[in-house]
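**Q** Right, I'll just put the structure down here and ask away after.
The values are calculated or read from the model by the stated rules, or taken from the named source; none is laboratory data. Being a predicted model, the structure only gives us computed values, none of them experimental. Cβ atoms come from the backbone with ideal geometry, glycine included; neighbour counts cover every protein chain shown. Ligands, DNA and RNA are stripped out before the accessible areas are found, and what is left, the full protein with its side chains, is counted by its heavy atoms. Shrake-Rupley method; radii C 1.70, N 1.55, O 1.52, S 1.80 Å.
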Amino acid sequence: MTETSESGVMGDRAIISVRNLVKHFPVETGILRRQVGVVKAVDNVNFDLNEGETLALVGESGCGKTTTSHCIIQAQRPTSGQVFFRLGDDEPMDLTQMEKGELKGARRNIRMIYQDPYSSLNPRMTLLQIIGEPLAIHRMVESQEELRVRVADLLRLVRLDPSTLNRYPHAFSGGQRQRIAIARALSLSPKVVIADEAVSALDVSVQAQILNLLKELQHQLGLTYLFVAHNLAVVKYEADRVAVMYAGKIVEIGETEELYTSPRHPYTEALISAAPNPDPDTKHRARIVLAGEVADPGNLPAGCAFHPRCRYAEDRCRQEAPELVDVGGSEGQSHFSACHFAESLELTGIAGGLQSEKRGNE
């Protein structure tokens with residue numbers, strides 16, 4: 001199964017398959033709210049999330065990462081496309097075709113951790129109420145005492161003192177609040193966790209603690225992560241595969257090590273060049289500064305959306321939008337790129353100073 005498949009069949013290892021996902025927002029004006037345009041926040045996105053892996057969805061702000069994750073859990077209904085979810089050996093279910101009542105059951109197995117630990121927790125609720133609310137809604141406890149025991153166990157799981165369950169969020173630091181949010185996400189024993197910029201609002205030292213905790217929980221509980229982020233240094237540590245988004249589309253997807261050492265799209269190359277490297281012995285690599293602004297999803301350029309900022313752009317790029325195709329990775333791995341010149345451009349990743357040039361033009 002390729003990332004560009006248009007079939008509704010899931011890959012053998014996939015727990016979630018996103019097929020031709022589209023989310024457009026109308027642009028309206030005037031008292032009569034006349035539609036004058038459309039914002040293509042997500043535009044024909046395809047990928048598989050394999051059971052037990054961490055897939056990172058990366059890109060600049062406004063590229064459609066969060067909207068994609070919201071469409072997966074149906075917090076926002078997509079304009080078109082399908083999101084298949086398979087639980088065990090059961091037949092895949094298309095979440096986009098489910099009514100609100102049916103989604104309630106599916107959402108027990110797909111939970112979300114939000115970016116801001118200060119606004120994602122209700123300041124008027126105690127930890128017992130915050131973490132216990134999903135358990136009560138889904139009727140997974142029969143008494144208040146059982147609820148307290150379950151919440152206390154969840155607090156221990158995320159390395160918090162269970163004696164604090166009657167405290168309010170204001171009594172905790174940012175890192176502790178994010179641990180509370182993780183405990184809430186795990187309260188229903190989900191199979192998939194979507195972490196939407198889960199560490200970006202935290203101090204660097206606290207980020208490392210939360211990342212370590214997430215990896216430990218993944219191994220301990222057999223979780224599958226969709227890790228939404230813009231920090232490629234974080235992603236390199238956390239993810240098994242990386243999907244790079246630009247202007248509502250996935251422009252590259254592949255195994256983490258392969259993508260970082262041999263990027264096959266100029267946008268990925270630029271993102272990697274901007275990632276800080278903490279190793280002082282590593283050769284300094286040149287920073288690629290992209291010209292212009294991020295493409296406006298309400299007024300995308302013709303052809304490849306990245307071509308106005310791409311230093312390799314040619315006439316074909318300005319006229320024809322590239323497809324996401326498998327350009328082949330090392331050791332037989334799949335490596336998808338949406339670039340007309342993905343196989344002829346020589347882009348060097350982290351291992352080599354990012355000195356990029358076209359083959360044959362040396």
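**Q** Right, Ala291: touching a Leu at 6+ places or on another chain (Cβ under 9 Å), open to solvent by 40 Å² or more (accessible area, probe 1.4 Å) and at pLDDT below 90 or not?
**A** Criteria not met by Ala291.
**Q** What residue, of Gly59, Gly88, is open to solvent by 10 Å² or more (accessible area, probe 1.4 Å) and of a type outside the set (Phe, Trp, Tyr)?
**A** Gly88
**Q** If Arg159 satisfies every condition in (1) within 30 Å of Val39 (Cβ to Cβ); (2) open to solvent by 20 Å² or more (accessible area, probe 1.4 Å) but one, which is the exception?
**A** For Arg159, the failing item is (1).
**Q** Here is a further query. Being of a type in the set (Asp, Glu) and open to solvent by less than 80 Å² (accessible area, probe 1.4 Å) is the filter; apply it to region 268-288 and report the residue that is modelled with the highest pLDDT.
**A** Glu269
**Q** For region 219-245, which residues satisfy the criterion of being in contact with a Gly (Cβ under 8 Å, 6 or more places away or on another chain) and open to solvent by 10 Å² or more (accessible area, probe 1.4 Å)?
**A** Gly222, His230, Arg241
**Q** Go through region 119-128 and report how many residues are of a type outside the set (Gly, Ala, Ser) and exposed (fewer than 14 other Cβ atoms within 10 Å of the Cβ). Even if it seems obvious, please write down each step before you answer.
**A** Within region 119-128, the subset of a type outside the set (Gly, Ala, Ser) is 121-128.
So of that shortlist, the ones also exposed (fewer than 14 other Cβ atoms within 10 Å of the Cβ) come out as 122-124.
The number of residues fulfilling the criteria is 3.
**Q** In region 62-79, what residues are crowded, with 21+ Cβ neighbours inside 10 Å and among the aliphatic types (A, V, I, L, M)?
**A** Result: Ile72, single match.
**Q** Going by what's in this entry, would Val199 be described as farther than 15 Å from Thr126 by Cα, crowded, with 19+ Cβ neighbours inside 10 Å and out of contact with any Phe, Trp or Tyr (no Cβ under 9 Å at 6 or more places or on another chain)?
**A** Taking the combined requirement at face value, the residue satisfies it.
**Q** Right, another one. What pairs can you find where one residue is in region 12-23 and of a type in the set (Ser, Thr, Tyr), the other is surrounded by fewer than 23 Cβ atoms within 10 Å (Cβ to Cβ) and part of a strand (DSSP E or B), and their Cβ atoms are less than 8 Å apart, with a gap of 6+ or different chains?
**A** Ser17/Gln82; Ser17/Phe84
**Q** Something else: Hey, among Ile113, Ile131, which residue is under 19 Å from Leu188 (Cα atoms), in contact with a Lys or Arg (Cβ under 7 Å, 6 or more places away or on another chain) and crowded, with 17+ Cβ neighbours inside 10 Å?
**A** Residue meeting the stated conditions: Ile131.
**Q** Scanning region 41-55 for residues that are among the acidic types (Asp, Glu) and not in a loop (DSSP other than H, G, I, E, B), which turns out least open to solvent (accessible area, probe 1.4 Å)?
**A** First, pick out the residues of region 41-55 that are among the acidic types (Asp, Glu): 43, 48, 51, 53.
Still in the list and also not in a loop (DSSP other than H, G, I, E, B): 43, 48.
Values: Asp43: 27, Asp48: 11 Å².
Checking each candidate, the answer is Asp48.
**Q** Further, regarding this structure: Could you please give the count of residues in region 175-196 that are assigned to a loop (DSSP other than H, G, I, E, B) and open to solvent by less than 30 Å² (accessible area, probe 1.4 Å)?
**A** Of region 175-196, the ones assigned to a loop (DSSP other than H, G, I, E, B) are 187-191.
Adding the requirement that they be open to solvent by less than 30 Å² (accessible area, probe 1.4 Å) leaves 187-188, 190.
Qualifying residue count for the region: 3.
**Q** Mind telling me which of the residues Ile180, Ile250 ends up being within 16 Å of the chain's Cα centre (by Cα) and in contact (Cβ under 8 Å) with a residue 40 or more places away in the chain?
**A** Sole residue among the options that is within 16 Å of the chain's Cα centre (by Cα) and in contact (Cβ under 8 Å) with a residue 40 or more places away in the chain: Ile250.
**Q** Could you tell me whether region 306-325 includes any residue that is at pLDDT 80 or above, open to solvent by 30 Å² or more (accessible area, probe 1.4 Å) and assigned to a strand (DSSP E or B)?
**A** So far as region 306-325 goes, yes, one or more of its residues are at pLDDT 80 or above, open to solvent by 30 Å² or more (accessible area, probe 1.4 Å) and assigned to a strand (DSSP E or B).
**Q** What's the number of the only condition in (1) open to solvent by 20 Å² or more (accessible area, probe 1.4 Å); (2) touching an Asp or Glu at 6+ places or on another chain (Cβ under 6 Å); (3) among the β-branched types (Val, Ile, Thr) that Thr261 fails to meet?
**A** (2)
**Q** Looking only at region 196-227, count every residue that is within 11 Å of the chain's Cα centre (by Cα) and either within 19 Å of Arg156 (Cβ to Cβ) or at pLDDT below 95 (or both) and tell me the total.
**A** Result for region 196-227: 3.
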